[in-house]
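Take a look at the structure set out below.
What follows is calculated from the coordinates using simple rules that are stated; it is not laboratory data. Since the structure is predicted, the reported quantities are computational estimates derived from the model, not experimental observations. Here the Cβ positions follow ideal geometry from the backbone for every residue, glycine too, while neighbour counts run over all protein chains shown.
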Ligand SMILES: [Zn+2]
């Protein structure tokens, strides 16, 4: 257990490291983009009653997404990680793109904006960070857009980066909503606090948990297995973690994506959603959820 002095000191060091990283991290991708010889996963369609979500693998382990309003055919992209594959799909399936919603400025998520703006000037590019090029609609928190009968709710979620947005999409038919979380939330984990703090991530988790529990969560990377391996070290007795890890390994053996999960499932197996839980607090030696969040992230940053 830290003394109050120790906690404050460690927290200041942590904030200092974040600020130093932020200075270095501007305009840098989370991971250096590597050209994968083969797509890391199969392209998969998830149909949610009035809305189709197409999961598209890109780069080493990114996901970008297309959302299509089934009654009208209106289509939007979430992130532009690889325009080549995006343009191939749009052409093959005769889709007309109306919007591109960018989660954050890292190149592996926003790298295609300039090319898209040149090739398709009618497409509106929506984002909330000035470091992203060719943005037509600069977002503010709680902005809403209609894509056919779907409603895209733009949630400012600063922590991984200060201009990060998550997109909560409701379909007109009343089916389960979809939540696109970029590098803020992953299945079984969360993104590094590159430009933010444990307080901000705690606030984000609480805000997301107020959304409908059946919301499907689509993160920006395929990293469920390492996330759940980390979660298992924290709560080895939690059978929700071990069974989901086993399922995820089966999925990956078939090159199938692990997203989506349900928001209510993240509460069962994601340690960053469980910082109020006694078992997680016991592991970190903390009783305060913010300091528990701080400890978890610190350990996850060095977890192999
Ligand atoms: Zn990122």
Using the Kirkwood radius over Cα pairs, work out the Stokes-Einstein diffusion coefficient for the chain at 37 °C and 0.692 mPa s, in µm²/s as a whole number. 167 µm²/s
Fewest-first ranking of 204, 162, 234, using other Cβ atoms within 10 Å as the exposure measure: 162, 234, 204
Which order results if 104, 221 are arranged by neighbouring Cβ count within 10 Å, fewest first? 221, 104
With Cα atoms, 0 to 90° folded angle of helix 224-234 axis to the chain main axis: 20 degrees
In degrees, nearest ten, helix 239-253 long axis to first principal axis of the chain (Cα): 40 degrees
With springs only between Cα atoms under 10 Å, which of 148, 182, 128 fluctuates most in a Gaussian network model of the chain? 148
Please arrange 269, 247 by how many other C-beta atoms lie within 10 Å of their C-beta, fewest to most. 247, 269
What is the distance, in nm, between label points placed 7 Å from the Cα along the Cα-to-Cβ direction at residue 87 and at residue 206? 4.6 nm
Kindly express, to the nearest 10 degrees and within the range 0 to 90, the angle between helix 198-209's C-alpha long axis and the longest C-alpha principal axis of the chain. 50 degrees
Mean ellipticity per residue at 222 nm, deg cm²/dmol - from DSSP H runs of n ≥ 4 across the chain, formula -39500 (n - 2.57): -11000 deg cm²/dmol
Below 8 Å, C-alpha to C-alpha, sequence gap of six or more: please give me the relative contact order for the chain in percent. 14 percent
Which value in nm describes the separation of the simple spin-label points at residue 239 and residue 130, placed 7 Å from the Cα toward the beta carbon? 5.4 nm
Give the relative contact order (percent, whole number) for the range 31-122; include only Cα pairs under 8 Å separated by 6+ residues. 20 percent
